[in-house]
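What follows is one structure encoded as structure tokens, with my remarks underneath.
The values are calculated or read from the model by the stated rules, or taken from the named source; none is laboratory data. Since the model is a prediction, treat every value here as computed from it, not as a measurement. Counting neighbours? That spans all protein chains shown, and the Cβs are built from the backbone with ideal geometry, glycine included.
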Amino acid sequence: MKPYLENTIGNKNKQVKLQSFLTNGKIFYMRKKEDLVGQRFGLLKVIQREKSKGNRNKWICECECGMFTSTLGYRLKIGKTKSCGCYRVQAAKDKFITHGYSTKDIHKPEYRAFYGAKTRCNNTQRENYFRYGGRGIEFRFNSFAEFLSEIGDRPTHFHSLDRINPDGHYEKGNVQWSTLKEQSRNKSRKLSLTFEGETKLLKEWSESSGIAYHKLYDRKSRGFCSVCILSEKLRPNCKHK
């Protein structure tokens, strides 16, 4: 008996799993064909094996949407194929759904506000990018639907998109509809400073303290306390409360 066949004697498990045969003096092993029929992978259920050329097996699957598709077994097992294609199409639709707020020719104010804020933060070609994305402001809404559910419809044509904290990101809890008057009031709070009970604009503090306006503005934007903002040198132990 050939020595390469002696290893299979008395080993039924090995005989079942591996079929050995001799070709040109070389031994090749064929694994027992796997059966995926009845198994589920994502939205697909394997219903039968498809005739295929080569060593890769293709399987016919039924999708939960009612359509049929065929794919390679390894793509099912590693999660590369999860549906007949309907899942990818629906996911793409959900990503760009605008609930009637945007069509080919008409964009409602809510969608224009969403698109405008997003491009101000992400598009480096925008003229005002340096005021938003250029200084670290991020747009953190993943879709228009998420944005709309947070801010709702625009109350009147006098309102526009505003951030509650002008130095904060476009995100949940920091966006609102505001009138120009409300926005200017919000901006004036940012440009003013209270020190020892006296409130003045940063420009006035700059004139009285001799510290450059851009330094005062930068320190206030970074959350420094009023003492450090109006000091020539920052206090090393200050917690800026």
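What to note about this one:
- Any hit, the stretch 85-97, residues being in a loop (DSSP other than H, G, I, E, B) and either at pLDDT 80 or above or in the same structural domain as L161 (by TED's automatic domain parsing) (or both): yes
- Criterion (more than 27 Å from H169 (Cβ to Cβ), at pLDDT 85 or above and either in a loop (DSSP other than H, G, I, E, B) or in contact with an Asp or Glu (Cβ under 9 Å, 6 or more places away or on another chain) (or both)) met by exactly one of K45, K53: K45
- Residue in the stretch 222-239 that is modelled with pLDDT under 80, surrounded by fewer than 16 Cβ atoms within 10 Å (Cβ to Cβ) and assigned to a helix (DSSP H, G or I) present: no
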